[in-house]
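Notes follow the structure.
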Amino acid sequence: MHTEAAATFAGNIPGGQSARTDDPMQDEDFARDAAIVAAAVRRKRLMRVLPWLVIAGMVVLWEIVVRVFDIPEFVLPAPSVVAQSISKWWNPIIMNAGQTLKTTLVGFLMANLLGLTLGVIVGSSTLVYHGLYPLLIAFNSIPKVAVVPILVIWFGIGTAPAIITAFLISFFPITVNVAAGIATVEPELRDVLRALGAHPLKIVRKVGLPRAMPYYFASLKIAITSSFLGSILAETVAGQSGIGHLMIVASSRFEVPLVFAGLVVTAAMSVTMYTIATLIETRTIGWAMRSQGDMAGGV
Amino acid sequence: MKERPFVEIDRVWMRYNGTGGTLALRNASLTVEREEFVAVVGPSGCGKSTLMRLVTGLWPASSGSVIVAGKEVDRPLSIAGMAFQNPTLLPWRSILNNVMLPFEVVEPHAGRLRRDRASYEKQCLELLELVGLKGFEAKNPWQLSGGMQQRASLCRALIHQPQLLMLDEPFAALDVFTREDLWSVLQNLWMVRKPTVILVTHDLREAAFLADRILVMTSRPGRIMIERKVELPRPRTTEMTYTPYFQDLVQDLRGHIDRARQGEEMAHAH
């Protein structure tokens, strides 16, 4: 009895929006239902355009403030001036942005490789966890800007310090999150697999890694943005190219609109990478981000 | 000559974390026959779950011997299926693939899986149908109710035809109606597959409904206090739970457990 009821109940859910023929709905009920649906659709549409509206509003406000108070260009350039600067310096900006993107991504990929490997090891063994964790914490608490001069001594000025700084700054969140995901596998689940005679490596592969994926992707979003932070930091201190270098050169020439142009381009790259990370996340671990609407059967 | 018991626990002691830890079991002994359905009941924290992990070899005993299928248990058994209070299904897998999990681990299935996937999937679908989950195999666990998830969890515990099925309060988190439904589902599964079952529970009616024999444990440090045979024909029905025999049995068990708990309070008072 109960089973059947549950089955019918759950079976109804996917077709929830469409009316069923055996349901005695009146015309006015349909109209009201349609109105509710329409309101929900409008709300969803608003939520989608809202971020763009806010950004556009910010830019407009900025422009107005600069013009009304007549703020000099070398203090705060208006968005229109920044835009002009971007189109004027388009080629150097694109070249340097490409350089920054490259160093950032190389550092970020290295961080992924080491972070995943180390995370799996630290997360699966309490012994390694206890031995290694304090060192990791100590390592992470070093301000990375203080490391750059050392990197310059070791590797010289150029691309290498930027890649390594991007790597150093982003491998920690990945390691910690992957380790957390693997270490928090339910003991019962581990027992189920152990009682089947599963090898520890197999438990990591079948349960630990998939379970750590939401943690991993959450850390990727932090890691990619901090990778940019790392590479641009190193470029400003010890670069010969890249957006950070461009901005330092521009500011030394009081070419303030170009500095702002560099900021805008950096933000655009960073947001783009963040969005890509989010897209991959929703594609691969939809199971971890289910919404209330997907639920069926309340028991 | 009588066949040797399938599970023999002989004077087992269990202390956690070396000398300073809790003493969970004190001189516990019990035997379980092949294809027998045994329920272990007792006050909470009496070491029921510990007993289960000892039998499956997940934890080693501090002292005493645990013998399953004639062999001393010194590592996790690979012949056991387990189910817990929490269904512990993998949320990234469909119900079907959750039930398939043991085949990916247990030999010789793991080696054959790639080749014979279709026939293994067919076995899973048949078992799912037996517990009333037909048509839900493609769903994700979180799309199912708690009771349905627990059914799937039972399927996963049984799919590879384990000789030993260990159940640790599998229905404790469910509402009364769902729970009694699942008693019948489990009884049905056991009658079809005939594994040896050790069911740990604190629900005395559940124990009386399902088991051939009920073992009552003392409070911690636990050992087996008494045992009761349940003389009810199979398949048992909900109606039987209203008979005087059933109710007297449950009363009797309750009395023993109450005494065990009082003993615990006395011990604390000293």
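Scan the range A:30-37 and tell me whether some residue there is surrounded by 10 or more Cβ atoms within 10 Å (Cβ to Cβ) and either assigned to a loop (DSSP other than H, G, I, E, B) or not hydrophobic (A, V, I, L, M, F, W, C) (or both).
Checked against the condition, which is being surrounded by 10 or more Cβ atoms within 10 Å (Cβ to Cβ) and either assigned to a loop (DSSP other than H, G, I, E, B) or not hydrophobic (A, V, I, L, M, F, W, C) (or both), the range A:30-37 yields at least one hit.
Would you confirm whether any residue within the range B:106-125 is of a type in the set (S, T, N, Q), surrounded by fewer than 16 Cβ atoms within 10 Å (Cβ to Cβ) and not assigned by TED's automatic domain parsing to the domain that holds residue B:156?
Checking the range B:106-125: not a single residue is of a type in the set (S, T, N, Q), surrounded by fewer than 16 Cβ atoms within 10 Å (Cβ to Cβ) and not assigned by TED's automatic domain parsing to the domain that holds residue B:156.
Residues of the range B:134-151 being more than 8 Å from every other protein chain (Cβ to nearest Cβ) and in contact with a Pro (Cβ under 7 Å, 6 or more places away or on another chain), which ones?
Passing the criteria: B:141, B:149, B:150.
Looking at (1) modelled with pLDDT under 90; (2) assigned to a helix (DSSP H, G or I); (3) in contact with a helix residue (DSSP H, G or I) (Cβ under 6 Å, 6 or more places away or on another chain), find the lone condition where residue A:231 falls short.
Failing condition for residue A:231: (1).
Among (1) within 11 Å of another protein chain (Cβ to nearest Cβ); (2) out of contact with any Leu (no Cβ under 9 Å at 6 or more places or on another chain); (3) in contact (Cβ under 8 Å) with a residue 24 or more places away in the chain; (4) buried (at least 17 other Cβ atoms within 10 Å of the Cβ), where does residue B:173 come up short?
The failed condition is (4).
State yes or no: is residue A:207 within 12 Å of chain B (Cβ to nearest Cβ), β-branched (Val, Ile, Thr) and either surrounded by fewer than 23 Cβ atoms within 10 Å (Cβ to Cβ) or under 18 Å from the mean Cα position of the chain (by Cα) (or both)?
The answer is yes for residue A:207.
Among the residues of the range A:80-127, write down those that are in contact with a Ser or Thr (Cβ under 8 Å, 6 or more places away or on another chain) and surrounded by 20 or more Cβ atoms within 10 Å (Cβ to Cβ).
Result: A:96, A:99, A:100, A:103, A:104, A:107, A:108, A:111, A:115, A:118, A:119, A:122.
Out of all the residues in the range A:211-218, is one or more away from every other protein chain (no Cβ under 11 Å) and more than 18 Å from residue A:124 (Cβ to Cβ)?
Yes, the conditions are met somewhere in the range A:211-218.
For the subset of the range B:50-81 comprising residues that are hydroxyl-bearing (Ser, Thr, Tyr) and closer than 16 Å to residue A:197 by Cβ, which member is nearest to the chain's Cα centre (by Cα)?
Selected residue: B:56.
Can you tell me which residues in the range B:93-122 are farther than 24 Å from residue B:145 by Cβ and more than 13 Å from chain A (Cβ to nearest Cβ)?
B:111, B:112, B:114, B:115, B:116, B:117, B:118, B:119, B:120, B:122
For residues in the range B:128-157 being in a helix (DSSP H, G or I) and surrounded by fewer than 20 Cβ atoms within 10 Å (Cβ to Cβ), which is modelled with the lowest pLDDT?
B:130
What is the one condition in (1) assigned by TED's automatic domain parsing to the domain that holds residue A:259; (2) modelled with pLDDT of 95 or more that residue A:57 does not satisfy?
(1)
Could you check, for the range A:281-293, whether at least one of its residues is within 14 Å of another protein chain (Cβ to nearest Cβ), surrounded by fewer than 22 Cβ atoms within 10 Å (Cβ to Cβ), part of a loop (DSSP other than H, G, I, E, B) and small (Gly, Ala, Ser)?
yes
So residue A:247 clears everything in (1) within 14 Å of another protein chain (Cβ to nearest Cβ); (2) part of a helix (DSSP H, G or I) except one condition, right? Which one?
Exception for residue A:247: condition (1).
Checking the condition in contact with a Pro (Cβ under 8 Å, 6 or more places away or on another chain), more than 9 Å from every other protein chain (Cβ to nearest Cβ) and in contact (Cβ under 8 Å) with a residue 12 or more places away in the chain, which residue from B:165, B:90, B:127 passes?
Testing whether each residue is in contact with a Pro (Cβ under 8 Å, 6 or more places away or on another chain), more than 9 Å from every other protein chain (Cβ to nearest Cβ) and in contact (Cβ under 8 Å) with a residue 12 or more places away in the chain leaves just B:165.
Residue-wise test of (1) buried (at least 22 other Cβ atoms within 10 Å of the Cβ); (2) β-branched (Val, Ile, Thr); (3) in contact (Cβ under 8 Å) with a residue 12 or more places away in the chain.
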position: A:129; (1), (2), (3): no, no, yes
position: A:156; (1), (2), (3): no, no, no
position: A:185; (1), (2), (3): no, yes, yes
position: A:200; (1), (2), (3): no, no, yes
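Condition check: within 18 Å of residue B:201 (Cα to Cα) and of a type in the set (Ser, Thr, Tyr). Does residue B:119 satisfy that?
Against the criterion (within 18 Å of residue B:201 (Cα to Cα) and of a type in the set (Ser, Thr, Tyr)), residue B:119 does not qualify.
The values are calculated or read from the model by the stated rules, or taken from the named source; none is laboratory data. Because the structure is predicted, anything quoted here is derived from the model rather than measured. Every residue, glycine among them, receives a Cβ derived from its backbone with ideal geometry; neighbour counts consider all protein chains shown.
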